[in-house]
1. For residue 51, state whether it is modelled with pLDDT of 95 or more and surrounded by 13 or more Cβ atoms within 10 Å (Cβ to Cβ).
2. In the range 92-107, is there at least one residue being touching a residue at least 24 places away in the same chain (Cβ under 8 Å), touching a strand residue (DSSP E or B) at 6+ places or on another chain (Cβ under 8 Å) and surrounded by fewer than 16 Cβ atoms within 10 Å (Cβ to Cβ)?
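The values are calculated or read from the model by the stated rules, or taken from the named source; none is laboratory data. These numbers were taken from a predicted model, which means no experiment stands behind them. As a convention, Cβ positions derive from the backbone with ideal geometry for all residues, glycine included, and neighbour counts pool all protein chains shown.
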């Protein structure tokens, strides 16, 4: 029956990730199970900080999300650099979108752990996030987010995160 207690014939293998994907978790086409507009409405209603910070998802596919934190002086810390808490908020928001892109709307999917490594000084401009799933299990999701200053190729931070997935 496999580790997900389903018929192995229903499980497909994703060679780009080097692992099997449970049929109930990911759309067969690799499309997101929640649209950008649905995600925007959800976060607008449930997470007011998202609107306050101006974060938004720019692209979404199953297990992959690009998001943006628009530049605003409220994100600056002394020295004219983007503050760590603003970047952490963007990373958590991005991981939430990654998880929902695979699961659809799930109430009570919450962050269990978020670790951030600041790699270089972010410039005072938009911060762009590239998030992806590393492993999606029945109860936990693991992912990573790389943050960049807009228009730059050098990452400003690397984030690993895990989310708890409630029983369905």
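1. Against the criterion (modelled with pLDDT of 95 or more and surrounded by 13 or more Cβ atoms within 10 Å (Cβ to Cβ)), residue 51 does not qualify.
2. So far as the range 92-107 goes, no, none of its residues is touching a residue at least 24 places away in the same chain (Cβ under 8 Å), touching a strand residue (DSSP E or B) at 6+ places or on another chain (Cβ under 8 Å) and surrounded by fewer than 16 Cβ atoms within 10 Å (Cβ to Cβ).
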